[in-house]
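Chemist: If you scroll down you'll find the structure; I have some questions about it.
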C-alpha cells in the first residue's frame, strides 16, 4: 500500500503510525490548497520577497529565486506563511489565474487557456439561465447582463475574432469581425430594433419598407457568374436619367444609325439551350430577341468599337463555385439601350421616307 493518494498525493494514515493528527492536518491543508485552485499569477518569474500567506503561483519557465529556481516549471508554488512547498500538477487540473482573469487547464505539461475571459460567466449579474416561457413553449438558454453591450466572442488560435453581441442598450444585434491584433475589420450584418437588417456590403432591409443598397450606386445585383433566373415585378425599373449627372451628350450619328438597321434585321426567335436540355425542344418556349454577337457584328460593320458602347457587355465568368477562376466569357446586352438605338434607326428611316414622299407630292402639285 502506498503512503499517499494517487491524484493529489495526499498523505495517508498508517495503521501503526503515531501522531496521526499531524498527517491528517497535512492532508487537509494540502486539500485546502488544491480544491478550487486559484493562483495569483502564472507569469511572475521572480520569487516574491514577502508573499502573503497561502499565496500560490504557477511557475513560468524563467522562474528564479532561492527556492523557485529549484522547483519544477509549471508546478504550483505555495507559501504557507513559513516556507515554500510545491504541488505537481497532473492532467486535467484546472486553475483560475487572478491577474489574467483566465481559466487554465493542465495538459501536455503546460497550463493552457480554456476561456479568453470569464467576465460574462463569472460575474453574478451575468449568468446563463433558462427562460421560464417562450413562444411555442420552448425554454431557451439566454445570456443576461446589466451593461449596455453584452455578447459572445469567438476566437481560434489568435488568427481571427468574431463578436456576436447585443449592443446599444439592446437596440442592435451585431456580428463584428476583428483581426488577430484585435483591430475592427467590419460588421457583416446588423439587426436594428425596428427589424432592419443591414449587411456590410450590399443591402439594408427596413421593416415593412423597400430594400436599398448600403451605399449609393456601389453594388450590383447578381454577377455574370451568379445570375437570377427571373424577376417578377408590378412595374419596370426606374433608371436615373438626370441631365445634371450626364456629360458630353450628343445626337446619334450615321454610323450608329447603320448599326441600328443591322440590329433590327438581326432580330429573331430562339430557344434557351438549358431550357431545351431540361424540357425538350418541343416544350421549351421560344423567345424574341437579338444576340450580343449580332449586335457586336452590327457595330463593327458600322465602324464602331463594341467595347466603347455600354449596350454591349462582355464579362468574365467563374468556371466553378469552388475555384472561382475566371476562364470563360459571357456576352450580354443592355436591352433598353439596344431598343432605343433601334427606335432611333427606325425614326431615321421614317424621316427619310417622309422626306421622299413630300418631294414626290410637291412635284405632282
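Chemist: Please count how many residues of the range 38-55 are surrounded by 14 or more Cβ atoms within 10 Å (Cβ to Cβ) and not in a loop (DSSP other than H, G, I, E, B).
Modeler: 3
Chemist: A further question on this structure: Cβ-Cβ under 9 Å, sequence separation 6+ or interchain: first residue in the range 235-258 and at positive phi, partner in a helix (DSSP H, G or I) and at pLDDT 95 or above. Which pairs?
Modeler: Partner pairs satisfying both residue conditions: none exist.
Chemist: For the range 49-82, give me each residue that is more than 22 Å from residue 106 (Cα to Cα) and without any contact (Cβ under 8 Å) to a residue 12 or more places away in the chain.
Modeler: 49, 50, 82
Chemist: Right, next: What are the residues in the range 37-48 that are touching a residue at least 60 places away in the same chain (Cβ under 8 Å) and farther than 10 Å from residue 100 by Cβ, if any? Explain how you work it out, then say what you get.
Modeler: At the first step, the residues of the range 37-48 found to be touching a residue at least 60 places away in the same chain (Cβ under 8 Å) are 38, 42.
Across the range 37-48, the qualifying residue is only 38.
Chemist: Let me ask another. For residue 193, only one of the following conditions fails: (1) surrounded by 10 or more Cβ atoms within 10 Å (Cβ to Cβ); (2) modelled with pLDDT of 80 or more. What is its number?
Modeler: (2)
Chemist: Spot the failing condition for residue 315; the list is (1) out of contact with any helix residue (DSSP H, G or I) (no Cβ under 8 Å at 6 or more places or on another chain); (2) assigned to a helix (DSSP H, G or I), and only one is missed.
Modeler: (2)
Chemist: For the range 224-234, which residues satisfy the criterion of being surrounded by 10 or more Cβ atoms within 10 Å (Cβ to Cβ) and free of Cβ contacts under 8 Å to residues at least 40 places away in the same chain? Step through it out loud before you land on a result.
Modeler: Keep residues of the range 224-234 that are surrounded by 10 or more Cβ atoms within 10 Å (Cβ to Cβ), which gives 224-225, 227.
The answer is 227, and nothing else.
Chemist: Out of (1) surrounded by fewer than 18 Cβ atoms within 10 Å (Cβ to Cβ); (2) touching a helix residue (DSSP H, G or I) at 6+ places or on another chain (Cβ under 9 Å), the odd one out for residue 295 is which?
Modeler: So the condition that residue 295 fails would be (1).
Chemist: Take the conditions assigned by TED's automatic domain parsing to the domain that holds residue 335, touching a residue at least 12 places away in the same chain (Cβ under 8 Å) and assigned to a loop (DSSP other than H, G, I, E, B) and apply them to residue 284. Does it pass?
Modeler: Values: assigned by TED's automatic domain parsing to the domain that holds residue 335: yes; touching a residue at least 12 places away in the same chain (Cβ under 8 Å): yes; assigned to a loop (DSSP other than H, G, I, E, B): yes.
So residue 284 passes the test.
Chemist: Checking the structure you have, find out if any residue of the range 263-270 is farther than 28 Å from residue 349 by Cα and not in a helix (DSSP H, G or I). Step through it out loud before you land on a result.
Modeler: Of the residues in the range 263-270, the ones farther than 28 Å from residue 349 by Cα are none.
The answer is no, given that none of the residues of the range 263-270 is farther than 28 Å from residue 349 by Cα and not in a helix (DSSP H, G or I).
The values are calculated or read from the model by the stated rules, or taken from the named source; none is laboratory data. Small disclaimer: the values here were computed from a predicted structure and weren't measured. Methodologically, a virtual Cβ is constructed for each residue, glycine included, from the backbone with ideal geometry; neighbour enumeration extends over all protein chains shown.
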